[in-house]
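Step one of this worksheet: look at the structure below.
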Amino acid sequence: MSDAPFKNPGWAGNTGEFDLSEAEVRGDDFVGDRERAGAHPSTSATYPYMLAEKNPDVPLFEGEYHERFEKILTQYPTKQAALLPALGLAQEIRGYVSPESMDRVAELLELAPAYVRGVATFYTMYNKRPVGRHLVQVCTNISCNLCGADEVLAAFLRYTDTEMGETSDDGEFTVIEAECLAACGFPTCVQINSRYFENVTPADVPKIVERLKAESGEASGS
Ligand code: FES
């Protein structure tokens, strides 16, 4: 494995530009090792599993998040242009982008609330309602579908004991279908929070679910 510092590819904060460590940008409350050595390049570029404790009631952009927010603004010619990463940061803090979050972002960026809602509801990566700690997105688009994505999706629903789009009683899992995740060469692709799982078969699903549960337990110290 290279000792070179990992460059965060961006999203709601950019370590390269701001000379911040990944932990400073993403927090250090994740578990699991990043597979940088010997892994497929697509997995080496993904974030470690993010297990931040989302709190839908915390104020937006205060404390360390205020610093993050201000740094995001410095990357854009106008504050209005920072809408997408600002919404991303709001989701990172609260776990989803509620109408109240959208209004707060609109206020801070001096945008019309209707404009912000139009943008936030256009993109599927913004969760418009609370989701489980692990958001499991199974690609069922053509390449994955030809290789058994429907069975993978059914297995995730079965092993997480959820219905499509609903969150498990323990708040751990929400399973949804996703359109192409741009990993068509490795079907079935499943994105779980920020992490990609590739070449997933129904037989892999119990192991993945158990691994996620173990990581949750590890993160909460239980
Ligand atoms: S079709 Fe599944 S990743 Fe493209």
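The values are calculated or read from the model by the stated rules, or taken from the named source; none is laboratory data. As the structure is a prediction and not an experimental result, all values here were calculated from the model. Note that we place each Cβ from the backbone using ideal geometry, even for glycine, and neighbour counts take in every protein chain shown. Note: accessible area is taken over every heavy atom of the protein model, side chains too, but ligands, DNA and RNA are not part of it. Shrake-Rupley method; radii C 1.70, N 1.55, O 1.52, S 1.80 Å.
Structure notes:
- Computed FRET value (nearest 0.05) for S194 with A112, which takes r as the C-beta separation and R₀ as 35 Å: 0.70
- Given a 1.4 Å probe and the protein chains as shown, H66 ends up with an accessible area of around 90 Å².
- Applying a DSSP loop filter and a limit of 13 other Cβ atoms within 10 Å to the trypsin sites (Lys or Arg not before Pro) in the range 185-214 leaves nothing.
- Extending 7 Å from Cα along the Cβ direction at T74 and again at E163 yields two label points whose distance is 4.8 nm.
- Summing Lys and Arg as +1 and Asp and Glu as -1 over all other residues whose Cβ lies under 12 Å from the Cβ of G165 gives a net charge of -1.
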